[in-house]
Amino acid sequence: MMNNCTMMGRLTKDPEIRQTKGDEPKTVAKFGIAVERDYTAKGEKLTDFFEIEAWQKTAEFAGKYLKKGQLIGLEGKLRRSEWKKQGTDEKRFSYYIEAKSIYFAEGKKGEPEDDSPAPGGFDPFDDENDFDPFAE
């Protein structure tokens, strides 16, 4: 079976970090992301909101480096949480993404974009570098 999610969106809040209880506590981070959809037929932009949960090293990374408003990419799995409504036997469900990998999707704010040529001085967009491997 396959259960894979890949998303890119902006954090809706700073990650909330906590430790589980028990003999071997584990780090967990919880935060939300807003993911934009394509435009509708009427030209409106829609946004979906997802809750994200990360564990151990991924949670530590999130707590240390992620902030509200930041654009990130992530890979993970869709998970379902189930419980009974207090005072009744009514089952309730919620869905969230368990992040396995988190990536920065933009540079730091306030830093200029780096438009310098690649290492070694080669710039593929420089007209003076008209190398054609098929030219005779």
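The values are calculated or read from the model by the stated rules, or taken from the named source; none is laboratory data. Please read all numbers here as calculations on a predicted model, not as lab measurements. A quick note on method: Cβ atoms are made from the backbone with ideal geometry, for glycine too, and the neighbour counts reach across all protein chains shown. Quick note on the areas: whole protein, heavy atoms, side chains included, nothing else; ligands and nucleic acids left out. Shrake-Rupley method; radii C 1.70, N 1.55, O 1.52, S 1.80 Å.
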- [ ] Quick one: which residue in G107, G120 is surrounded by 10 or more Cβ atoms within 10 Å (Cβ to Cβ) and modelled with pLDDT under 95?
- [x] G107
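Take the conditions open to solvent by 90 Å² or more (accessible area, probe 1.4 Å) and at pLDDT 95 or above and apply them to F131. Does it pass?
Numbers: open to solvent by 90 Å² or more (accessible area, probe 1.4 Å): yes; at pLDDT 95 or above: no.
Answer is no for this residue.
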Open item on the list: Suppose we filter the stretch 1-48 for residues that are farther than 23 Å from K64 by Cβ and open to solvent by 90 Å² or more (accessible area, probe 1.4 Å); how many remain?
Closed with: 11
Task: Residues within the stretch 86-104 that are open to solvent by less than 80 Å² (accessible area, probe 1.4 Å) and at pLDDT below 90, tallied - done: 1
Open item on the list: Which numbered condition in (1) modelled with pLDDT under 90; (2) open to solvent by less than 50 Å² (accessible area, probe 1.4 Å); (3) among the β-branched types (V, I, T) is the only one that I52 fails?
Closed with: (1)
Task: Hits in the stretch 58-85 (condition: surrounded by fewer than 13 Cβ atoms within 10 Å (Cβ to Cβ) and touching a Cys at 6+ places or on another chain (Cβ under 6 Å)) - done: L78
Open item on the list: What pairs come out if I take residues in the stretch 1-17 that are farther than 16 Å from G73 by Cβ and pair them with residues that are small (G, A, S) and at pLDDT 95 or above whose C-beta lies under 6 Å away, six or more apart or interchain?
Closed with: K13/G32; I17/A29; I17/G63
